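**Student:** This structure is in structure tokens; I'll ask about it shortly.
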Amino acid sequence: MTTQPTHDTVEAFLDRIRTAWDAADARTYGEQFAEDASYIIFLGDAMFGRAEITETHHDVFTKWQKGTRMAVKPINVRQVDADTVVVVTVGGIGKGTTIGYDKLQTYTLRNRDGRFECVAFQNTEMNRRAKKAYS
């Protein structure tokens, strides 16, 4: 008898990202990205590779965004091929009980051994029209 590989879901991947952010767990956050992933933030900075993403997020969680939580919601999911999905989300971070959406994000996910990993991430600040549409 052969066992079919388990296939991850977009929702499960996003939940892992959110949970790691909320826990300020840079190691687990970084593990969601491929070894050679690209990560572009809304301020126009780029990180390349899981190690740099993890290291930078240690500083994010202990300095600049200490104590924040994440909100993220998919607004478009497109299957590119059997192992690749492009996901556009709205997201935000904050310290209150209600976190508003103020960013648009694109995750390119690759199924690796039944589990999604992000190979490319782009984060962009929403303009007024987008905030009105998605907030």
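**Student:** Tell me which of these Arg112 doesn't satisfy, since it passes every other one: (1) under 24 Å from His7 (Cα atoms); (2) basic (Lys, Arg); (3) touching a helix residue (DSSP H, G or I) at 6+ places or on another chain (Cβ under 8 Å).
**Tutor:** Tallying (1) under 24 Å from His7 (Cα atoms); (2) basic (Lys, Arg); (3) touching a helix residue (DSSP H, G or I) at 6+ places or on another chain (Cβ under 8 Å), Arg112 fails exactly one: (3).
**Student:** Mind counting the residues in segment 28-58 that are surrounded by 19 or more Cβ atoms within 10 Å (Cβ to Cβ), under 16 Å from Tyr107 (Cα atoms) and of a type outside the set (A, V, I, L, M, F, W, C)?
**Tutor:** So the count comes out to 5.
**Student:** Looking at segment 101-133 only, could you name the residues that are surrounded by 14 or more Cβ atoms within 10 Å (Cβ to Cβ), in contact (Cβ under 8 Å) with a residue 60 or more places away in the chain and not polar (S, T, N, Q)?
**Tutor:** Listed by number, the residues that qualify are Lys103, Tyr107, Leu109, Arg110, Arg115, Phe116, Glu117, Cys118, Val119, Ala120, Phe121.
**Student:** Something else now. Looking only at segment 59-70, how many residues end up being crowded, with 16+ Cβ neighbours inside 10 Å and either more than 19 Å from Glu117 (Cα to Cα) or among the acidic types (Asp, Glu) (or both)?
**Tutor:** So the first thing to find is which residues in segment 59-70 are crowded, with 16+ Cβ neighbours inside 10 Å, and the list is 60-61, 65, 68-70.
Among the residues that remain, those that are also either more than 19 Å from Glu117 (Cα to Cα) or among the acidic types (Asp, Glu) (or both) are: 60-61, 65, 68-69.
Of the residues in that region, 5 qualify.
**Student:** State the number of residues belonging to segment 38-59 that are of a type in the set (A, V, I, L, M, F, W, C) and touching a helix residue (DSSP H, G or I) at 6+ places or on another chain (Cβ under 6 Å).
**Tutor:** Applying the first criterion (of a type in the set (A, V, I, L, M, F, W, C)) to segment 38-59 yields 40-43, 46-48, 51, 53.
Then keep just the ones that are touching a helix residue (DSSP H, G or I) at 6+ places or on another chain (Cβ under 6 Å); that gives 47, 53.
Number of matching residues: 2.
**Student:** Return yes when Met70 is within 25 Å of Lys131 (Cα to Cα), of a type outside the set (S, T, N, Q) and out of contact with any Leu (no Cβ under 9 Å at 6 or more places or on another chain) and no when it is not. Talk me through it step by step, then tell me what you get.
**Tutor:** On the way: within 25 Å of Lys131 (Cα to Cα): yes; of a type outside the set (S, T, N, Q): yes; out of contact with any Leu (no Cβ under 9 Å at 6 or more places or on another chain): yes.
For Met70, the condition - within 25 Å of Lys131 (Cα to Cα), of a type outside the set (S, T, N, Q) and out of contact with any Leu (no Cβ under 9 Å at 6 or more places or on another chain) - is met.
**Student:** Right, another one. Identify all residues within segment 69-88 that are at pLDDT below 95 and of a type in the set (Ser, Thr, Tyr); write none if there are none.
**Tutor:** Correct list: empty.
The values are calculated or read from the model by the stated rules, or taken from the named source; none is laboratory data. Predicted, not measured: the structure shown is a model, and the values here were computed from it. Glycine gets a Cβ as well: all are built from the backbone with ideal geometry, and neighbour counts include every protein chain shown.
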